[in-house]
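Step one of this worksheet: look at the structure below.
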Amino acid sequence: MESVNYTEISMDDYIKIESKIDSIMSEEKLIETHKNLIGKTCKNYFHEIKDCGVDFIGKFLTNDRRTVVYEYSKGAKKFIKSKYLSDYFKTSIRKLLSNEELSEVVLNALNSDKLINDMSEEEILAIYSAIKGYYGHSPIIDMANAGNYFMQLLYKLDGEGVISFIKNNVSTSDLARYILSTSGLNESASYYSGRGCNYGDLNENHLVAIFNKLFKIDADYATNYAEMVYQMKTLGATEFINSFMDLAANGFKVESLKTEDSNISLDGVYGKARDAVAFGSIFSRMSRGNDQVHQIKASEQIKKVFMARITPIIQSINSNCYESNSQSFESNNRIRRK
């Protein structure tokens, strides 16, 4: 990547362009917008962006970290897997690692015409390790570089090598946290402590979004997750997140898993904040009164809609896949019977 002569634009102008992340529908418009931001900087009294092009990519790839379930548009999905974005990342990573001694695998992968989504697990792991190694010994981490967003890109791709890399090199706990945070949920169970089954906190839309992300990685992960949901007595966000993290720690295997039924959690909360969360949790629980029956009924309704929505997805799986994988076959049969 050649050196860029930066041009400053106003923060107001940048915000107007940035807002198009949500509104732009076509891949071509996203590419055009990004090209217009490369080499631009902006600042105000509180914030300075040294490269609007990189910042735009970062915000685009993390745009699904919301309090509601977010779905990328068709154009955005095409942009994620486009040659343009793949080439942009490869060029940026080459620049980042220009002074590093790279393996032949990394050099060949970055200099080839192959899209990142079409790379093998070996190639992706080599690139990922090189980036991680660079940040491990570099005294200054250049946050204005696309290398920082490489993992965010990988999570959104669906190539065979990418999926194998995620399964074999990303911890199940890290994967679970990423899935929660991009499915309309806060990954901290204590955030919802004491609120019980609350449709605004957790509903079938969240559950289906999580199912789809797991299904992309592994059919067993998804069907075992569905069994976990079915087994839960109540579906408060607190007990759900704790159960989901336990499922992940168990390798996304439902066998021997004991689901949580307490909607009180103080995990990850310390000091005065812990006292505040504890008091708020107890008060919230007391204000709802003895509504266990309501909690169970509300949970059953959410589960019913969730199961209805995922059944066609499970049924659409090619039967040959299950003939070669008895565990998936059995998981599929169990879900379909529910």
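The rows are residues; the columns are (1) at pLDDT 90 or above; (2) in contact with a Lys or Arg (Cβ under 9 Å, 6 or more places away or on another chain); (3) of a type in the set (Phe, Trp, Tyr).
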{"position": "Ile179", "(1), (2), (3)": "yes, yes, no"}
{"position": "Tyr191", "(1), (2), (3)": "no, no, yes"}
{"position": "Glu204", "(1), (2), (3)": "yes, yes, no"}
{"position": "Lys216", "(1), (2), (3)": "yes, no, no"}
{"position": "Glu227", "(1), (2), (3)": "yes, yes, no"}
{"position": "Ala237", "(1), (2), (3)": "yes, yes, no"}
{"position": "Phe252", "(1), (2), (3)": "yes, no, yes"}
{"position": "Leu266", "(1), (2), (3)": "no, yes, no"}
Item to check | Enumeration of residues in the range 208-220 that are under 16 Å from Val254 (Cα atoms) and either buried (at least 24 other Cβ atoms within 10 Å of the Cβ) or hydrophobic (A, V, I, L, M, F, W, C) (or both) | outcome: Ile210, Phe211, Leu214, Phe215, Ala219
Item to check | Entirely in the range 15-73, the helices (runs of 4 or more DSSP H) that have 3 or more residues that are closer than 30 Å to Glu187 by Cα | outcome: 20-23, 52-61
Checklist outcome for this item: Restricted to the range 224-256 and to residues being closer than 23 Å to Val68 by Cα and of a type in the set (Val, Ile, Thr), the residue surrounded by the most Cβ atoms within 10 Å (Cβ to Cβ) is Thr238
Checklist entry - Considering the range 239-256 alone, what residues qualify as being within 19 Å of the chain's Cα centre (by Cα) and either among the hydroxyl-bearing types (Ser, Thr, Tyr) or not in a loop (DSSP other than H, G, I, E, B) (or both)? => result Phe240, Ile241, Asn242, Ser243, Phe244, Met245, Asp246, Leu247, Ala248, Ala249
Checklist entry - Any idea how many residues of the range 1-19 are surrounded by 13 or more Cβ atoms within 10 Å (Cβ to Cβ), without any contact (Cβ under 8 Å) to a residue 40 or more places away in the chain and under 25 Å from the mean Cα position of the chain (by Cα)? => result 1
Checklist entry - Going by the structure shown, is Thr91 among the polar types (S, T, N, Q), surrounded by fewer than 17 Cβ atoms within 10 Å (Cβ to Cβ) and either touching a Cys at 6+ places or on another chain (Cβ under 9 Å) or part of a helix (DSSP H, G or I) (or both)? => result yes
Next on the checklist: Condition check: surrounded by 19 or more Cβ atoms within 10 Å (Cβ to Cβ), touching a residue at least 40 places away in the same chain (Cβ under 8 Å), part of a loop (DSSP other than H, G, I, E, B) and not polar (S, T, N, Q). Does Gly184 satisfy that?
Outcome noted: yes
Checklist entry - Can you tell which of Lys40, Lys83 is modelled with pLDDT of 90 or more and in contact with a Cys (Cβ under 6 Å, 6 or more places away or on another chain)? => result Lys40
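The values are calculated or read from the model by the stated rules, or taken from the named source; none is laboratory data. Please read these numbers as outputs of a predicted model, since none were measured by experiment. Here Cβ is always computed from backbone atoms with ideal geometry, including for glycine, and neighbour counts include all displayed protein chains.
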